[in-house]
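Following: one structure in structure tokens, then a few remarks.
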There are 2 protein chains.
Amino acid sequence: MTMNDEVRLGELRVGDRLYSGEEVEVTAEEIMAFARDYDPQPGHLSEETAQGTPFMSLAASGWHTAALTMRLLVGLGIAGSIGISVSLTWPTPTRPGDRLHIDGHVTSKRLSESRPDREILILEYETINQSGEIRQRTQAVVMTQG
Amino acid sequence: MTMNDEVRLGELRVGDRLYSGEEVEVTAEEIMAFARDYDPQPGHLSEETAQGTPFMSLAASGWHTAALTMRLLVGLGIAGSIGISVSLTWPTPTRPGDRLHIDGHVTSKRLSESRPDREILILEYETINQSGEIRQRTQAVVMTQG
């Protein structure tokens, strides 16, 4: 699939690419605002407080990266999905100035055992900045809405 | 551990409870604002658009529940942790009026193989509303900062 072609989740097939040409740019202000609301730890709250942490300088909360990744996924235009479960890793933290996109594939598709009118898909994608640094790896298990 | 006793992650032991007495209350306005920023899908954007979805009425983005869960976890006062990976499920969606808390345990603790000066802990906790409905189950793998 390509960006902005709205498709139903059930139309996707194993091997289909999940690629967002669209990039979201991350600012220090947005990183700090998200942290104040949801993850008020020193590494995320200010440049000054971050310097005393393993991050060494301001780094986005992993949950901020996860939320931005969802925005990019929604931008792919996949309609009719319900999130079941998700696994994330954060190889490196998102930094101010990052321009993020996602790239990945549909890796599994099967009928739901409990609801045979629904399909279960596994989507695997990475959140990557403009230098190719991987900020998040996601494996999402999603169900069609029938 | 109990709320507001700040402890280093490395001081936790297997079996220690992770319980937030503190509750965060979720409003429709906050659900819609988060959705506009990060997950602009009909079920999360307004009461009206949600009615045509499997959610039937306004439901928070799972990523919003995840972010609120992080706020509760930070409120436990566990210092010096770095998130490595996390797995989430959303048995039911967070709804307007939910007052959320978290409850769980430390389920594993071992030395890091790649960095023997660090420890790896597994934290498992649920995000629960005032009626006992489970909105999120989380398994988080975290590392001490050494």
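Determine whether A:THR69 is open to solvent by 50 Å² or more (accessible area, probe 1.4 Å), out of contact with any Cys (no Cβ under 7 Å at 6 or more places or on another chain), among the hydroxyl-bearing types (Ser, Thr, Tyr) and within 14 Å of another protein chain (Cβ to nearest Cβ). Reasoning before the result, please.
Numbers: open to solvent by 50 Å² or more (accessible area, probe 1.4 Å): no; out of contact with any Cys (no Cβ under 7 Å at 6 or more places or on another chain): yes; among the hydroxyl-bearing types (Ser, Thr, Tyr): yes; within 14 Å of another protein chain (Cβ to nearest Cβ): yes.
No.
Check A:ARG36, A:ARG13 and return the single one that is within 12 Å of chain B (Cβ to nearest Cβ), open to solvent by 60 Å² or more (accessible area, probe 1.4 Å) and modelled with pLDDT of 95 or more.
Numbers: A:ARG13 fails: within 12 Å of chain B (Cβ to nearest Cβ).
Within the list A:ARG36, A:ARG13, the selection yields A:ARG36.
Tell me, please, whether a residue that is in a strand (DSSP E or B) and open to solvent by 60 Å² or more (accessible area, probe 1.4 Å) can be found in region A:40-57.
Of region A:40-57, the ones in a strand (DSSP E or B) are none.
Within region A:40-57 (the criterion being in a strand (DSSP E or B) and open to solvent by 60 Å² or more (accessible area, probe 1.4 Å)), the answer is no, since none of the residues qualifies.
Quick one: in region B:16-33, which of the residues that are within 18 Å of B:GLY77 (Cβ to Cβ) and among the charged types (D, E, K, R) is surrounded by the most Cβ atoms within 10 Å (Cβ to Cβ)? If you could, list the steps in order and put the result at the bottom.
We begin by selecting, within region B:16-33, every residue within 18 Å of B:GLY77 (Cβ to Cβ); these are B:16-24.
Remaining after also requiring among the charged types (D, E, K, R): B:16-17, B:22-23.
Details: B:ASP16: 18, B:ARG17: 12, B:GLU22: 15, B:GLU23: 15.
So the residue we want is B:ASP16.
I need a count of the residues in region B:118-146 that are of a type in the set (Gly, Ala, Ser), in contact (Cβ under 8 Å) with a residue 12 or more places away in the chain and open to solvent by less than 70 Å² (accessible area, probe 1.4 Å). Even if it seems obvious, please write down each step before you answer.
Just the residues of region B:118-146 that are of a type in the set (Gly, Ala, Ser), to begin with: B:131-132, B:140, B:146.
Next, from what is left, pick out any that are in contact (Cβ under 8 Å) with a residue 12 or more places away in the chain: B:140, B:146.
Okay, now just the ones that are also open to solvent by less than 70 Å² (accessible area, probe 1.4 Å), so B:140.
The qualifying residues number 1.
With the structure loaded, tell me whether B:GLY77 is within 12 Å of chain A (Cβ to nearest Cβ), under 28 Å from B:VAL141 (Cβ atoms) and surrounded by fewer than 18 Cβ atoms within 10 Å (Cβ to Cβ) or whether it fails that test. Steps first, answer last, please.
Working: within 12 Å of chain A (Cβ to nearest Cβ): yes; under 28 Å from B:VAL141 (Cβ atoms): yes; surrounded by fewer than 18 Cβ atoms within 10 Å (Cβ to Cβ): yes.
The answer is yes for B:GLY77.
Quick one: would you say A:ALA60 is within 14 Å of chain B (Cβ to nearest Cβ), open to solvent by less than 30 Å² (accessible area, probe 1.4 Å) and at pLDDT 95 or above?
On the way: within 14 Å of chain B (Cβ to nearest Cβ): yes; open to solvent by less than 30 Å² (accessible area, probe 1.4 Å): yes; at pLDDT 95 or above: yes.
So A:ALA60 passes the test.
So, B:ILE31, is that one within 14 Å of another protein chain (Cβ to nearest Cβ) and part of a strand (DSSP E or B) or not? Steps first, answer last, please.
On the way: within 14 Å of another protein chain (Cβ to nearest Cβ): yes; part of a strand (DSSP E or B): no.
No.
Among the residues of region A:90-117, write down those that are within 13 Å of chain B (Cβ to nearest Cβ), in contact (Cβ under 8 Å) with a residue 40 or more places away in the chain and surrounded by fewer than 18 Cβ atoms within 10 Å (Cβ to Cβ).
Passing the criteria: A:PRO91, A:THR92.
The values are calculated or read from the model by the stated rules, or taken from the named source; none is laboratory data. The structure displayed is predicted, hence computed values, not measured ones. Here the Cβ is made from the backbone with ideal geometry for all residues, glycine too, and neighbour counts use every protein chain on show. The protein model used for the area step is the full one, side chains on, heavy atoms only, and it has no ligands, DNA or RNA in it. Shrake-Rupley method; radii C 1.70, N 1.55, O 1.52, S 1.80 Å.
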